[in-house]
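Here the structure is laid out as structure tokens; the discussion comes afterwards.
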Amino acid sequence: MKVLTFSTSNSKNSINKKLAFYAAQQINNADISLIDIHDFEMPIYSVDRETEFGIPQLAHDFYNAIGAADTIVMSFAEYNGSYTSAYKNLFDWTSRIDMKVFQNKPILMLSTSPGPGGAQSVLAAAQASAPYFAATVIAAISLPSFFDNFDLEEGVVTDKTFNQSLLAAISKF
């Protein structure tokens, strides 16, 4: 199974990227493609830029990466209760190719943060909007207090409840 994995953060040390990769590794026989949205930076979306220059190749590359996958594991970073600007911009450009950005792929949506909220606000927003963008959400799971629940040396989640929810979600693929 081809699994596209990424975080919506463009931080080189993204805790959400660590979580997404951990989750993808729990899928049996997964051929994991871990991408970094930092590699998809484009000018801020505007109708004027699209009219003048067209849709950037990087947006097409991201859309094609989704299309090549059998499933997606993504983890949402939360900035001020919402999407990161890096992800929002990538998403805005990609949606100009096709509003069905996620191409009816099954998606495991995750989120985490250093604090107890676990980025649940942005996860809820992503889950609510998913049907408009052809995302089939199999589960949405938040991991609160990342540094208390993730062993950085081993690269594993130590929270048993999260891991049980994760394995139950993965069984739906």
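The values are calculated or read from the model by the stated rules, or taken from the named source; none is laboratory data. All figures in this text were calculated on a predicted structure; none of them were measured in a lab. Neighbour counts are summed over all protein chains in view; Cβ atoms, including those assigned to glycine, are modelled from backbone coordinates with ideal geometry. SASA here: full protein model, heavy atoms, side chains in, ligands and nucleic acids out. Shrake-Rupley method; radii C 1.70, N 1.55, O 1.52, S 1.80 Å.
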Choice from GLU78, GLU50, GLU153 with maximal GNM fluctuation in the chain (Cα, 10 Å cutoff): GLU153
Note down, for the chain, the three equivalent ellipsoid semi-axes (square root of 5 times each alpha carbon gyration tensor eigenvalue), biggest first, whole angstrom. 26, 17, 14
Name the residues whose placed amide hydrogens come within less than 5 Å of the amide hydrogen of VAL156, ignoring near sequence neighbours (fewer than 5 apart) on the same chain. ASP151
Specify whether the C-alpha gyration tensor of region 1-41 places it in the rounded, prolate or oblate class, a ≥ b ≥ c being the square roots of the eigenvalues: rounded for a/c under 1.5, otherwise prolate if a/b is larger than b/c and oblate if not. oblate
Looking only at the chain, where both bridge partners belong to it, what percent of the DSSP beta bridges are antiparallel (to the nearest 5)? 10
Apply the Karplus parameterisation 6.51 cos²θ - 1.76 cosθ + 1.60, with θ equal to phi minus 60°, to every residue of region 33-43 and state each ³J(HN,Hα) to the nearest whole Hz, in sequence, with x for glycine and proline. 10, 8, 10, 10, 5, 4, 6, 10, 5, 9, x
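Heavy-atom accessible area per residue, region 110-169, 1.4 Å probe: how many Å²? Kindly include the intermediate steps, with their values, before the conclusion.
Numbers: 2990 Å² over 60 residues.
With the other protein chains kept in place, region 110-169 gives 50 Å² per residue.
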Once you've got the GNM for the chain with C-alpha springs shorter than 10 Å, pick whichever of ASP48, ASP61, ASP39 has the biggest mean-square fluctuation. ASP48
Within the accessible area of the chain (1.4 Å probe), percent carbon and sulfur: 49
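Mind putting a number on the dipole of the chain about its Cα centre? Charges go on the C-beta only, +1 for Lys and Arg and -1 for Asp and Glu, and I need it in Debye to the nearest 20.
Numbers: 11 positive and 17 negative charges, 82 e Å.
In total the dipole reaches around 400 debye.
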Estimated vicinal HN-Hα couplings, Hz - region 104-120 in sequence order (Karplus 6.51, -1.76, 1.60; Gly, Pro = x): 6, 7, x, 10, 9, 9, 10, 7, 7, 7, x, x, x, x, x, 6, 5
Amide H contacts under 5 Å for SER75, placed H, 5+ residues apart: PHE6, SER7, THR8, LEU110
Compute the relative contact order of region 1-88 as a whole-number percentage, counting only Cα pairs closer than 8 Å that sit 6 or more residues apart in sequence. 48
Relative contact order of the chain (C-alpha contacts under 8 Å, at least 6 apart) in percent is 23
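What does DSSP give for region 50-140 in terms of the percent of beta bridges that are antiparallel, rounded to the nearest 5?
Working: 1 of 11 bridges.
Counting only bridges with both partners in region 50-140, antiparallel ones make up about 10 percent.
Can you tell me the FRET efficiency between ASP151 and LYS88 if r is taken as the Cβ-Cβ distance and R0 is 25 Å, rounded to the nearest 0.05?
Details: r = 31 Å, r/R0 = 1.23.
Efficiency at R0 = 25 Å is approximately 0.20.
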Whole-Å distance linking the alpha carbon centroid of region 49-75 with that of region 1-48 is 12
Step through the residues of region 150-166 one at a time and calculate ³J(HN,Hα) from phi using the Karplus curve (6.51 cos²θ - 1.76 cosθ + 1.60, θ = phi - 60°), rounding each to whole Hz and writing x for Gly and Pro. 9, 8, 5, 5, 8, x, 10, 7, 9, 7, 5, 5, 4, 4, 5, 5, 4
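Can you tell me the order of 130-142, 23-35 when each peptide is scored by its average per-residue count of other Cβ atoms within 10 angstrom, highest first? All intermediate terms of the calculation are to be shown ahead of the outcome.
Working: 130-142: 17.6, 23-35: 16.0.
The packing order, highest mean first, is 130-142, 23-35.
Can you bin region 6-73 into rounded, prolate or oblate? Criterion: square roots of the alpha carbon gyration tensor eigenvalues sorted a ≥ b ≥ c, rounded for a/c under 1.5, prolate for a/b above b/c, oblate for the rest.
On the way: a/c = 3.88, a/b = 1.85, b/c = 2.10.
Oblate, because a/c is 1.5 or more while a/b does not exceed b/c.
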